[in-house]
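Each remark here refers to the structure printed beneath this line.
The values are calculated or read from the model by the stated rules, or taken from the named source; none is laboratory data. Source: prediction; values computed, not measured. Every residue, glycine among them, receives a Cβ derived from its backbone with ideal geometry; neighbour counts consider all protein chains shown. Note: areas computed on protein heavy atoms with side chains; ligands, DNA, RNA excluded. Shrake-Rupley method; radii C 1.70, N 1.55, O 1.52, S 1.80 Å.
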Amino acid sequence: MQANMKITVRRGEIQKQRADALVVNLFAGSAPGGATAAVDRALGGQIRAAIDLGDFKGASGETLLLYSQGRIAAPRVLVVGLGAQPSFDAEAARRAAAQAAIALDKLGCRRAATILHGGGAGGLESAEAAQALAEASALALYRFEHYRSDPQTPLLRQLTLVEFDADKLAAVRRGVRSGLALASATAFARDLVNHPGNTVTPRYLAEQARRLAQQYSAIKVRILDEKAMAKLGMGAVLAVGQGSSNPPRFICMEYNARKREQPLVFVGKGITFDSGGLSLKSVSGIVSMKKDMAGAAAVFGAMQAVAELGLPRRVIGVVAAAENMPDGNAFRPGDALTTLSGKTIEILSTDAEGRLVLADALSYVERFKPSAVVDLATLTGACVTALGHHAAGLFANDDDLAERLLQAGAHTHERLWRLPLWPEYRQQIEGDIADVKNSGGPPGGASTAAALLAEFATGYPWAHLDIAGTASSEAHRHYVRKGGVGFGVRLLAQLARTW
Ligand code: BES
Ligand code: MN
Ligand code: ZN
């Protein structure tokens, strides 16, 4: 995939670079070292002077802009604060890079040269620091201008990453490639979430899968239409989709299909618009529901990422895509559905549709004999109430898988928080006329939804991420823009890389 930013890696000294601006950095409470000290000397001690006056402390989020006035080739120098050295990590590196990219873009700089943030004294490995820098610089300048008559593109398009130590160059280049691949995959997921429901239909999602297969020969695609789904007995996906004139699709993408190993399987909720169906949502509840396919978007992004990174793993991505609409042909509250597994579900609310399409998807993937299955879904408002926008809910029937996901999420700063799946939640959804009902009422709503999924996720280690609160952002912050976040893409890629 093409990235919005070009990053070249070069061996050299930062103060000698020709660019619209140079970027160096400072840890809070430390003296300028290495490349920052070299730039400071070239500027006649301006950085030191700002530190000594207390004007610049190197705190995280802080920047200092200096003008070189002919002392070096670049007219501007931006010093970014890295915060305290002991608490520095990959996320701090990403935030520093995002800060710099946004500031320089605002100034109108087109080309900048930068050093790594925290590659030496910061304690990050060179590849990791380079990945963080590339990932966050590209993501910070992500824009979604598709529906504007006068689209604005960022000005900053070209970064030169300058590394003094020749021994580190190969690792830095590798890190930049990974970072750009992950940024591009995340941008793909953001686009899918940001495009509205009149563009993103189940058919549109199926086309995206075909496009991935065209682009990456290691990805094979299989799409089931309504007829194929009916033949298999996917009564839940079909019921959710039957009120819409945009018919449902069941999408399977397989990467490295010929590898003889048990695959890692990702499953995404792909409700391209959730009106609630006959249990219609309120005006304020319905307005953001184009994002109800963010789980699917994460799976698409993750498939692109694993293919672009060329991971030596077998990975399968499955998306259950449907539009949930009220209609004369829509499914009803009170209906009893027969799912692919043969288990039956009684409908209390047609607005609890995500767990229905996932029920069929989780049964379907058992045929792959997965080493693990991770599903992602904007599943419940209750999870947003519990965790806000700062973490996704994690549910799992396997502690090792839960632990790996927690670690991957901590690393990529797509934070997860484990929530319970106790038998009492399963009792809450015991059916009156069918095996289970699709709502357990308000108490513990995230856990009762997960308990329904657990009924169908049998025969493999499984985890469920409720991303209802993290799929989109209300504001720009660091390398996340307002709108679709692409939550889960980097996390799933990290899980696959370390699997
Ligand atoms: N897509 C919604 C959940 C949601 C809510 C996602 C807010 C993002 C933000 C889901 O399909 C839904 O409607 N869930 C209901 C379930 C209830 C009817 C049992 C909910 O959470 O209210
Ligand atoms: Mn719903
Ligand atoms: Zn929904």
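Note on segment 389-399: residues that are among the charged types (D, E, K, R) and either touching a strand residue (DSSP E or B) at 6+ places or on another chain (Cβ under 9 Å) or closer than 15 Å to GLN494 by Cα (or both) total 1.
Taken together, the residues in segment 451-486 that are assigned to a helix (DSSP H, G or I) and within 15 Å of ligand 2 (Cβ to nearest atom) amount to 2.
The listed residues are ARG18, ARG48, ARG71, ARG11, and the only one of them that is under 21 Å from PHE164 (Cβ atoms), basic (Lys, Arg) and either touching a Phe, Trp or Tyr at 6+ places or on another chain (Cβ under 8 Å) or open to solvent by less than 60 Å² (accessible area, probe 1.4 Å) (or both) turns out to be ARG11.
Against the conditions (1) away from ligand 1 (no atom under 16 Å from the Cβ); (2) of a type in the set (S, T, N, Q); (3) open to solvent by 40 Å² or more (accessible area, probe 1.4 Å); (4) within 30 Å of the chain's Cα centre (by Cα), ASN329 satisfies every one except (4). Of the strands (runs of 3 or more DSSP E) lying entirely inside segment 8-98, those containing at least 3 residues that are under 28 Å from ARG173 (Cα atoms) and aliphatic (A, V, I, L, M) span 21-26, 76-81. From the list LEU419, LEU356, LEU379, LEU387, the one residue that fits, being within 20 Å of GLY440 (Cα to Cα), within 16 Å of ligand 3 (Cβ to nearest atom) and in contact with a Gly (Cβ under 8 Å, 6 or more places away or on another chain), is LEU379. With respect to (1) surrounded by fewer than 18 Cβ atoms within 10 Å (Cβ to Cβ); (2) within 16 Å of ligand 2 (Cβ to nearest atom), the lone exception for THR272 is condition (1). Filter segment 332-354 down to the residues that are within 12 Å of ligand 1 (Cβ to nearest atom) and open to solvent by 20 Å² or more (accessible area, probe 1.4 Å), then identify the one that is nearest to GLN494 (Cα to Cα). Ranking the candidates gives ASP351 first. Contact annotation: residue pairs with Cβ atoms under 7 Å, 6 or more positions apart or on different chains, pairing a residue in segment 134-150 that is farther than 20 Å from GLY175 by Cβ with a partner that is open to solvent by 10 Å² or more (accessible area, probe 1.4 Å) and of a type in the set (Ser, Thr, Tyr), are ARG143/THR153. Going through (1) without any contact (Cβ under 8 Å) to a residue 60 or more places away in the chain; (2) away from ligand 3 (no atom under 16 Å from the Cβ); (3) closer than 16 Å to ALA377 by Cα one by one, PRO443 falls short only on (3). For LEU139, the stated conditions hold: it is in contact with a Phe, Trp or Tyr (Cβ under 9 Å, 6 or more places away or on another chain), in a helix (DSSP H, G or I) and open to solvent by less than 20 Å² (accessible area, probe 1.4 Å). Remark: pairs (first residue in segment 282-305, more than 17 Å from GLY469 (Cβ to Cβ) and open to solvent by 10 Å² or more (accessible area, probe 1.4 Å); second residue within 11 Å of ligand 3 (Cβ to nearest atom) and among the acidic types (Asp, Glu); Cβ separation under 9 Å; 6+ apart in sequence or on different chains) = ILE286/ASP274. Scanning segment 171-180 for residues that are surrounded by fewer than 24 Cβ atoms within 10 Å (Cβ to Cβ), within 17 Å of GLN494 (Cβ to Cβ) and small (Gly, Ala, Ser) yields a single hit, SER178. Filter segment 245-286 down to residues that are hydrophobic (A, V, I, L, M, F, W, C) and out of contact with any Lys or Arg (no Cβ under 9 Å at 6 or more places or on another chain) and give me whichever is nearest to ASP327 (Cα to Cα). Selected residue: LEU280.
Filtering segment 355-388 to residues that are within 16 Å of ligand 1 (Cβ to nearest atom), of a type in the set (A, V, I, L, M) and surrounded by fewer than 23 Cβ atoms within 10 Å (Cβ to Cβ) leaves ALA382, VAL384, ALA386, LEU387.
If you take the residues in segment 145-160 that are charged (D, E, K, R) and within 23 Å of the chain's Cα centre (by Cα), which one is surrounded by the fewest Cβ atoms within 10 Å (Cβ to Cβ)? Once the filter is applied, the top-ranked residue is GLU145.
Of everything listed in (1) of a type in the set (A, V, I, L, M, F, W, C); (2) more than 13 Å from ligand 1 (Cβ to nearest atom); (3) within 26 Å of GLN208 (Cα to Cα); (4) assigned to a strand (DSSP E or B), the single unmet condition for ALA322 is (2).
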